[in-house]
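Trainee: The structure's right below; bear with me while I get my questions together.
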Amino acid sequence: MERRVFLQMAGGCVAASACSSGVASPTDVGDVAAGNESALSVDSLSAIPGAPACIGRDAKGIYAMTLTCTHAGCDIGQTGTVSAQGLHCGCHGSAFDANGNVVNGPANAPLAHFAVSADASGALTIHTGMEVDPSTRLAVT
């Protein structure tokens, strides 16, 4: 193997592992406690500490999404920003609206949405192993 080819391959492996090292796949996380529904105001979106997921509330209800960027797998919660105005990945500049749709590349796929449930006291759980349609919302009582 030529030295140049070897160095290109090695560099690619290093770059890929630098972005994804330590980032858990959302489906590897399982169920995530996400606070109480009473604490979520309409038009809010916030990262869940210690999990590659965020929880939001809009006029239709409560929803959850992955924080794993669809471009290179970076954790937006660690490398970017999450707010009601949208999400920005600090690794390569991808931006998403508050519902996870791409508004600026290099990402070209939306963020995955997850099922959310609430118990009788309003405690929320994000089920990262259960992907749902982006329009799915948990009705707020």
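The values are calculated or read from the model by the stated rules, or taken from the named source; none is laboratory data. What you see is a predicted model; the values in this text were computed from it and never measured. As a convention, Cβ positions derive from the backbone with ideal geometry for all residues, glycine included, and neighbour counts pool all protein chains shown. SASA here: full protein model, heavy atoms, side chains in, ligands and nucleic acids out. Shrake-Rupley method; radii C 1.70, N 1.55, O 1.52, S 1.80 Å.
Trainee: At 1.4 Å probe size, put C74, C91 in order of accessible surface, largest to smallest.
Mentor: Per-residue accessible area, sorted high to low, gives C91, C74.
Trainee: Could you compute how fast the stretch 26-141 diffuses translationally, taking Rh as the Kirkwood radius over C-alpha pairs and applying Stokes-Einstein at 37 °C with viscosity 0.692 mPa s? Give it in µm² per second.
Mentor: After rounding, the answer is 238 µm²/s.
Trainee: Then there is this: Quick check: pseudo-label points 7 Å beyond the Cα along Cα→Cβ at T141 and S83, how many nm apart are they?
Mentor: The two pseudo-label positions are separated by 3.4 nm.
Trainee: For the stretch 18-141, give the percent of accessible area contributed by carbon and sulfur heavy atoms, probe 1.4 Å, rounded to a whole number.
Mentor: Reported share for carbon and sulfur atoms: 51 percent.
Trainee: Okay, moving on. So if each residue of separation counts as 0.36 nm, and I subtract the Cα-Cα distance between E131 and N108, what length gain in nm does that give?
Mentor: Additional length available on full extension: 6.4 nm.
Trainee: Packing-wise, with mean Cβ within 10 Å as the measure, how do 130-140, 43-53, 112-122 rank, highest first?
Mentor: Highest-to-lowest ranking by the protection proxy: 43-53, 112-122, 130-140.
Trainee: So what's the stretch 72-111 giving for Cα Rg divided by 2.2 N^0.38 Å, two decimals?
Mentor: Compared with the compact-globule rule of thumb, the stretch 72-111 sits at 0.97.
Trainee: Starting from the Cα-Cα distance between N36 and A120, subtract it from 0.36 nm times their residue separation and give me the gain in nm to one decimal.
Mentor: 29.2 nm
Trainee: List every residue whose amide H lies under 5 Å from the amide H of S94, counting only residues 5 or more places away in sequence or on a different chain, with H placed 1.01 Å from N in the peptide plane.
Mentor: Hits under the 5 Å cutoff: C89, A107.
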